[in-house]
Amino acid sequence: MAKNEAKIRFTAETSEFNASIKKANNEMSKLRAELKLNETQMKGTGASVEALEGKHELLASQLQASQSKVEALTNKLETARTIFGDNSDEVNRLERQLANARTEEEKIQQAIDKVNTELQQQREAASRAESATGQLTAEIGRQETELKQLKDEYVEAVLKFGEASDEAKQLESKISQLSGELSESRSKMDAAADAADRLGREVDDAGDAA
């Protein structure tokens, strides 16, 4: 087959593959820009579960485009082997392109694996924090309810037996003890809230400095 004829045939038979490669390249370029924006935003707000999920979605789309590119290049390479032969310049060039595309695909997969690990860690941390906060909130609620009941009983005891009565003194002791426990629980909650506020300010300061 004449060289020019082979080129014409190759161009005709690979037009669909070329279109797929071009589409994949455009999609990947767009997604890279969106990923860069996502990472810039995370530097300012932190790697929240929502931000990481957004990054995972972008990477998954990028991986899909990369896989389409690899598939199109593979088909184009096979066509080149059929038309030009295994040792042709066209085949060698496409082999290099395919190797680069597969390397890029592997890097995207590694990035997805990393985000998956970070997501798991964030979700576990959020779950632990939510559980601890929920338990403390429930404990504070229980203590407040019990304290109110004790105060009501104390009023009844004072009215019925007098402030100096054993009944009133026992209730006074219980009220004093429970008030201390409630104060300690509230202090823990306030300290946790303050720590979260400090972290937020540190993140904001770091973002401003950057």
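The values are calculated or read from the model by the stated rules, or taken from the named source; none is laboratory data. For clarity, every value in this text was computed on a predicted model and none was experimentally measured. Here the Cβ is made from the backbone with ideal geometry for all residues, glycine too, and neighbour counts use every protein chain on show. Surface accessibility is based on the protein's heavy atoms, side chains included, excluding ligands, DNA and RNA. Shrake-Rupley method; radii C 1.70, N 1.55, O 1.52, S 1.80 Å.
Check the stretch 71-80 and report whether any residue there is basic (Lys, Arg) and closer than 26 Å to residue 31 by Cβ. The answer is yes; a qualifying residue exists.
One residue stands out among those in the stretch 19-78 that are out of contact with any helix residue (DSSP H, G or I) (no Cβ under 7 Å at 6 or more places or on another chain) and among the aliphatic types (A, V, I, L, M): the one that is nearest to residue 102 (Cα to Cα), which is 19. For the stretch 1-41, a residue qualifies if it is closer than 13 Å to residue 69 by Cβ and hydroxyl-bearing (Ser, Thr, Tyr), and the qualifying residues are 20, 29.
Any residue that is modelled with pLDDT of 95 or more, closer than 30 Å to residue 118 by Cβ, surrounded by 15 or more Cβ atoms within 10 Å (Cβ to Cβ) and among the acidic types (Asp, Glu) - is there at least one of those in the stretch 71-79? For the stretch 71-79, residues modelled with pLDDT of 95 or more, closer than 30 Å to residue 118 by Cβ, surrounded by 15 or more Cβ atoms within 10 Å (Cβ to Cβ) and among the acidic types (Asp, Glu): present.
Can you give me the number of residues within the stretch 27-57 that are polar (S, T, N, Q) and at pLDDT below 85? Spell out the reasoning first.
In the first step, residues of the stretch 27-57 are kept if they are polar (S, T, N, Q); the result is 29, 38, 40-41, 45, 48.
Keeping just the survivors that are at pLDDT below 85 gives 41, 45, 48.
Residues meeting the conditions: 3.
Tell me, yes or no, whether the stretch 123-146 has at least one residue that is touching an Asp or Glu at 6+ places or on another chain (Cβ under 7 Å), of a type in the set (S, T, N, Q) and either free of Cβ contacts under 8 Å to residues at least 60 places away in the same chain or within 12 Å of residue 56 (Cβ to Cβ) (or both). Yes, because at least one residue in the stretch 123-146 is touching an Asp or Glu at 6+ places or on another chain (Cβ under 7 Å), of a type in the set (S, T, N, Q) and either free of Cβ contacts under 8 Å to residues at least 60 places away in the same chain or within 12 Å of residue 56 (Cβ to Cβ) (or both). Considering each residue of the stretch 1-48, count those that are assigned to a loop (DSSP other than H, G, I, E, B), open to solvent by 40 Å² or more (accessible area, probe 1.4 Å) and touching a residue at least 24 places away in the same chain (Cβ under 8 Å), and give that number. Residues that pass the stated criteria total 3.
Every condition in (1) modelled with pLDDT of 90 or more; (2) open to solvent by 40 Å² or more (accessible area, probe 1.4 Å); (3) among the hydrophobic types (A, V, I, L, M, F, W, C) is met by residue 168 except one, and the failing one is (2).
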